[in-house]
Structure formats: C-alpha cells, structure tokens
Amino acid sequence: MTDYTLLLGQAEELIRDDKWEITSYANISALIYVGMNDLNWVGFYLIRDGELQLGPFQGKPACTRIPLGKGVCGTAAEKCEVIRVADVHSFPGHIACDSASASEIVLPILRGGQIIGVLDIDSPVKDRFSLDDEKFLRELVSIIEKYIV
C-alpha cells in the first residue's frame, strides 16, 4: 500500500528550496515512479508554443508533442481538469506512446490560474487509479504549484 503521507513529505522536501523547475519535475517523477506500484510511465508535459511538450519523466521514451485537446493529456490540459481513465483503449483519441499502458491519470498544473502543464501517469493495469490515488496526486500537484514559480 502506498504511504501517501510519506510521499507528500518527501515531495515537499525535494522541491522546497530548488530554484530550477526542471530539477523539481525530474525528482517528483522519480519519486512517484518508485513510490507507487504498478506504474510504467510517470512524467510531465509542459505548455510550450501552444502545445504540450515532453518534460522530465520516468519510463520508456514517449511522444514529444501533444496538441491541446488531443489524447488524455491534451484533453486534461484543454479542459483544465483531472482525467482518470480506467481503460485507455476506450478513450476516444487516446495517444498510445507505450502499448503496455492500460490505464492513466492526468492532472493539470497551474501557475497564476493558467495551465502550464500536466502530470501524466500510466499503468499496465486496467483501472489502476483509485479515488485515493487521485486525492493524493491532487495534493502532490498542489505542492508543485506552491513551489514551482
């Protein structure tokens, strides 16, 4: 079972005093990847030139650019809402970077009320992400938003 309290404390310690957001994103993706079970990809897509571009991640090589409104990540960014998908193969327009992925959760990251990117997490297990996982990840994104300026 994932110790959410421990992971949240570790996340805050990792990024509290770091002044470069890329380092923070890299450490957070690694923390999630090793701290949660049954994941095959964890990373960030950041808004650049009007689309999502690949940022720091853990896992296999991934799609480098995603248009807003396309796939799970682009839809979450465009709607600025968390999207939790139990079976990615049933999501219209799903972009399959890794054919082993079966479920996904994507959380928007905001700065000053504006979307700056998303946290994307994939699992090879269908329906991997629970409401408890979503609650934890929302808290984690709040920490990111607090320290990444």
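The one condition from (1) out of contact with any strand residue (DSSP E or B) (no Cβ under 6 Å at 6 or more places or on another chain); (2) at positive phi; (3) of a type in the set (A, V, I, L, M, F, W, C) that residue 14 does not meet is (2).
Does any residue of the range 138-145 turn out to be in contact with a Cys (Cβ under 6 Å, 6 or more places away or on another chain), more than 16 Å from residue 86 (Cβ to Cβ), surrounded by fewer than 21 Cβ atoms within 10 Å (Cβ to Cβ) and at pLDDT 95 or above? Break it down stepwise before answering.
Filtering the range 138-145 down to residues in contact with a Cys (Cβ under 6 Å, 6 or more places away or on another chain) leaves none.
For the range 138-145, residues in contact with a Cys (Cβ under 6 Å, 6 or more places away or on another chain), more than 16 Å from residue 86 (Cβ to Cβ), surrounded by fewer than 21 Cβ atoms within 10 Å (Cβ to Cβ) and at pLDDT 95 or above: absent.
Contact annotation: residue pairs with Cβ atoms under 7 Å, 6 or more positions apart or on different chains, pairing a residue in the range 128-149 that is in a helix (DSSP H, G or I) with a partner that is basic (Lys, Arg) and surrounded by 15 or more Cβ atoms within 10 Å (Cβ to Cβ), are 134/84. For the range 64-79, the condition holds for no residue, the condition being that it is in contact (Cβ under 8 Å) with a residue 24 or more places away in the chain, closer than 24 Å to residue 30 by Cβ and surrounded by fewer than 18 Cβ atoms within 10 Å (Cβ to Cβ). Pairs meeting the criteria (first residue in the range 1-26 and exposed (fewer than 15 other Cβ atoms within 10 Å of the Cβ), second residue charged (D, E, K, R), beta carbons under 8 Å, at least 6 apart or on different chains) are 2/133.
Filter the range 18-40 down to residues that are among the charged types (D, E, K, R) and in contact with a helix residue (DSSP H, G or I) (Cβ under 9 Å, 6 or more places away or on another chain), then give me how many there are.
Step one: of the range 18-40, the residues among the charged types (D, E, K, R) are 18-19, 21, 38.
Keeping just the survivors that are in contact with a helix residue (DSSP H, G or I) (Cβ under 9 Å, 6 or more places away or on another chain) gives 18, 21.
The total comes to 2.
Scanning the range 71-100 for residues that are of a type in the set (S, T, N, Q) and either closer than 18 Å to residue 127 by Cβ or part of a loop (DSSP other than H, G, I, E, B) (or both) returns 90, 99.
Among what's in the range 81-127 and is among the charged types (D, E, K, R) and without any contact (Cβ under 8 Å) to a residue 40 or more places away in the chain, pick the residue that is surrounded by the fewest Cβ atoms within 10 Å (Cβ to Cβ). Once the filter is applied, the top-ranked residue is 81.
The values are calculated or read from the model by the stated rules, or taken from the named source; none is laboratory data. Model, not experiment: these values are computed from the prediction. Counting neighbours? That spans all protein chains shown, and the Cβs are built from the backbone with ideal geometry, glycine included.
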